[in-house]
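The values are calculated or read from the model by the stated rules, or taken from the named source; none is laboratory data. Everything numeric in this text was worked out from a predicted model, so none of it was measured. Note that each Cβ is placed from the backbone with ideal geometry, even for glycine, and that neighbours are counted across all protein chains shown.
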Amino acid sequence: MPEAADRRVLEAAFHEAMVRTYERAQDEARYNATLLLRMVTEKGGLATARQLLQHPVVSDGFTACGSEGGWT
C-alpha cells in the first residue's frame, strides 16, 4: 500500500483527471456532464469514481459519451 503522502498525490492526480473527463465530455462529445462535475467537486474524484462504478446501471452520461464515436 502506498505511503500516505504518495496516496494523497495519486488521489489529487486522479481528481484532476476526473475534472478533465468532464471537460472532454463537453468538448468532444458535446455532453454537459454537470452532475459529474458536481459529484467530483463535492466528493472528490476517487469517491465519485467508486460510487459510479458500484452502481448497477450504466449512467445516461456514460452512454451518451460512448455513442459519440467511441469517445470512451
Query raised in the report: Out of the stretch 1-35, which residues are among the polar types (S, T, N, Q) and in a helix (DSSP H, G or I)?
Result: Thr21, Gln26, Thr34
Query raised in the report: What pairs can you find where one residue is in the stretch 40-69 and over 18 Å from Arg24 (Cβ atoms) and surrounded by fewer than 16 Cβ atoms within 10 Å (Cβ to Cβ), the other is among the polar types (S, T, N, Q) and at pLDDT 75 or above, and their Cβ atoms are less than 9 Å apart, with a gap of 6+ or different chains?
Result: Glu42/Thr48; Lys43/Gln51
Report task. Please verify whether the stretch 46-69 includes one or more residues that are touching an Asp or Glu at 6+ places or on another chain (Cβ under 8 Å) and at pLDDT 95 or above. Result -> yes
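Residues of the stretch 1-50 being in contact with a His (Cβ under 6 Å, 6 or more places away or on another chain) and within 22 Å of Ala64 (Cα to Cα), which ones? Working first, answer last.
Taking the stretch 1-50 first, the residues in contact with a His (Cβ under 6 Å, 6 or more places away or on another chain) are 44-45.
Across the stretch 1-50, the qualifying residue is only Gly45.
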